[in-house]
Each structure stands twice: as structure tokens, then as C-alpha cells.
Amino acid sequence: MGEAPATAAEIEAHLRTRDPDRWLSARLIADPVARAEVLALYAFDDAVRAVAPAVTQPMLGEMRYAWWAEAVDDLAAGRPARGHPVLQAIAAPLAEGRLKAELLHRLIEARRSDLDEEPPQGEALDAFLEGAFGAPMQAAAQLLDAAASGCDLSAIGRAWGLVSLARGEAGPSAPTRLAVEQALSRSQADVAALSVAAFPAVAHVTLARTYAGGRTPGELERRARILLASLRGRL
């Protein structure tokens with residue numbers, strides 16, 4: 001991850017480069033405090049995702065994942081944040097229970113599979129997608145609206161996870177495109193149940209079909225489509 005962003009402005013600038021789709025969705029959050037908390041959550045996600053590429057031995061990666069997990073427990077218990085700036089940024093919502101430690105633990109546990117030589121398949125892939133993509137999406141929605149805990153965002157997380165895994169290759173395969181479409185279809189009811197306040201947690205997934213079709217839209221198109229999805233309240 002390099003030098004960790006320390007301030008809210010640095011976190012936002014970091015994510016604008018590293019995670020532009022979720023950054024665009026977060027721009028729809030009107031409350032600056034809520035927006036900063038969601039961006040801090042995404043920065044935590046990015047830091048955990050950066051563990052595996054940064055280590056040369058699986059044991060070192062396991063030690064780093066354990067460190068992140070223990071740091072989450074410390075914050076949830078109201079203990080002081082460890083030195084990492086991203087932990088300081090998520091300390092308040094974790095201590096107050098608005099950011100659920102369980103969801104962060106599911107994210108960390110899912111990312112442990114990044115250390116494996118072979119990518120997850122079958123049920124292991126399902127568990128990875130739910131933890132690595134569904135859990136942070138659920139956490140963001142609940143940060144924005146506590147009532148979002150009643151919505152199951154695992155299917156919409158699966159759709160985003162599938163296109164995220166496929167991007168950077170020659171292009172998503174037909175099975176991937178079909179799986180994305182199926183996941184989007186299954187998620188419709190829960191996405192529709194999200195409040196206007198919580199919708200920015202999923203707004204970027206409106207780009208999933210485009211990515212699954214093998215095309216990367218430009219920034220203006222991405223901005224327009226994410227905004228339109230938010231105005232309509234559907235993907």
C-alpha cells in the first residue's frame with residue numbers, strides 16, 4: 001500500500017486513484033462525516049487487500065492478517081487505535097457499534113485466501129466473494145443507515161466481486177457474464193429495499209454489466225451512470 005493516507009483528504013485522494021468506482025459512489029453521500037467514515041472503511045478494505053501482494057511468505061501474510069483482526073477487536077472494545085492511520089479513521093464508528101466488527105472480520109478472513117497459490121473455486125469462491133466484497137458493502141450500507149442491516153447484500157457483492165476478479169484479464173468469459181447477471185437479478189429486492197441514504201454503498205455496481213461485457217467506461221460515463229442509478233434507486 002505504500003505510505004498510508006493519514007487525513008480524510010488523503011484517504012479520499014488515495015481512493016480516487018486506487019478505487020475510483022467506489023470513490024464516485026461515495027461522492028453521493030451528502031453528509032461529510034458519513035462520507036469520510038465510508039471512505040475510511042474502503043481504505044481499510046484496501047489495506048487488507050494489499051497484504052498478500054506485499055509479502056514473500058504466507059506466514060508473514062498470516063501474521064499481518066492477525067494484526068488487522070486484533071486491531072479491529074481493540075477498536076470495537078473501545079481501546080486506542082494502533083498506529084495505522086486507517087485504524088484511527090474507523091475507530092469512532094467501530095467503538096460506537098455503527099461499523100460492525102463481525103463484517104470486518106469476514107473481510108479479513110476472506111482475504112486470507114489471497115495467500116493461496118490457486119484461486120478459490122466452488123463453495124470456497126462463494127465464501128470469498130461474500131466476505132471480500134459482500135461484507136464491506138454491507139458495512140458501508142449500515143454505516144449510512146442502520147436499517148440496512150435488514151437487507152442481504154451478499155448477491156450484489158457477489159456480482160461486483162466477479163467483475164472485479166475478471167477485470168485485467170483478456171475479458172470476462174461467458175460464464176462470468178452469466179453469473180454476474182444472475183447475481184444482479186437475485187439482488188434486486190434487497191437493493192430496492194435500501195434507503196436513499198444507504199444507496200451509495202451499492203451505486204457503483206450499476207457498472208457491473210458493462211465490465212462483465214468486457215468494456216471499461218470512461219470517467220464521465222461512470223459518473224453519469226452512478227448518478228443516474230442513485231436518482232432512480234436501482235441498478
Check your understanding: On the given criteria, is Leu41 within 21 Å of Gly131 (Cα to Cα), touching a helix residue (DSSP H, G or I) at 6+ places or on another chain (Cβ under 7 Å) and free of Cβ contacts under 8 Å to residues at least 40 places away in the same chain?
Key -> no
Exercise for review: Go through the residues of region 135-158 one by one and say whether even a single one is more than 19 Å from the chain's Cα centre (by Cα), farther than 22 Å from Arg22 by Cβ and not polar (S, T, N, Q).
Suggested key: no
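Counting just the residues of region 200-231 that are among the basic types (Lys, Arg) and under 23 Å from Pro136 (Cα atoms), which one comes out least open to solvent (accessible area, probe 1.4 Å)? So that I can check it myself, show each step before the final result.
Restricting attention to region 200-231, the residues satisfying the condition of being among the basic types (Lys, Arg) are 209, 215, 222-223, 225.
Now restrict to residues that are under 23 Å from Pro136 (Cα atoms): 209, 222-223, 225.
On the way: Arg209: 101, Arg222: 29, Arg223: 96, Arg225: 68 Å².
My answer is Arg222.
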Exercise for review: Answer yes or no: is there a residue in region 56-70 that is surrounded by 19 or more Cβ atoms within 10 Å (Cβ to Cβ) and under 21 Å from Ala203 (Cβ atoms).
Suggested key: no
Check your understanding: Residues of region 139-162 being under 17 Å from Arg49 (Cβ atoms) and either open to solvent by less than 10 Å² (accessible area, probe 1.4 Å) or touching a residue at least 60 places away in the same chain (Cβ under 8 Å) (or both), which ones?
Key -> Ala139, Ala140, Gly157, Gly161
Revision key, fill the gap. When region 101-121 is checked residue by residue, the ones that are open to solvent by 50 Å² or more (accessible area, probe 1.4 Å) and closer than 22 Å to Arg186 by Cα are Arg106, Gln121
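Considering region 77-100 alone, what residues qualify as being part of a helix (DSSP H, G or I), open to solvent by 10 Å² or more (accessible area, probe 1.4 Å) and within 23 Å of Leu60 (Cβ to Cβ)? Spell out how you get there, then give the answer.
From region 77-100, those part of a helix (DSSP H, G or I) are 85-95; that's our starting set.
Subset that is open to solvent by 10 Å² or more (accessible area, probe 1.4 Å): 85, 88-89, 91-92, 95.
Once the filter is applied, which keeps residues that are part of a helix (DSSP H, G or I), open to solvent by 10 Å² or more (accessible area, probe 1.4 Å) and within 23 Å of Leu60 (Cβ to Cβ), region 77-100 yields only Pro85.
The values are calculated or read from the model by the stated rules, or taken from the named source; none is laboratory data. From a predicted model like this one, the values you see are computed outputs, not experimental measurements. Note that each Cβ is placed from the backbone with ideal geometry, even for glycine, and that neighbours are counted across all protein chains shown. SASA here: full protein model, heavy atoms, side chains in, ligands and nucleic acids out. Shrake-Rupley method; radii C 1.70, N 1.55, O 1.52, S 1.80 Å.
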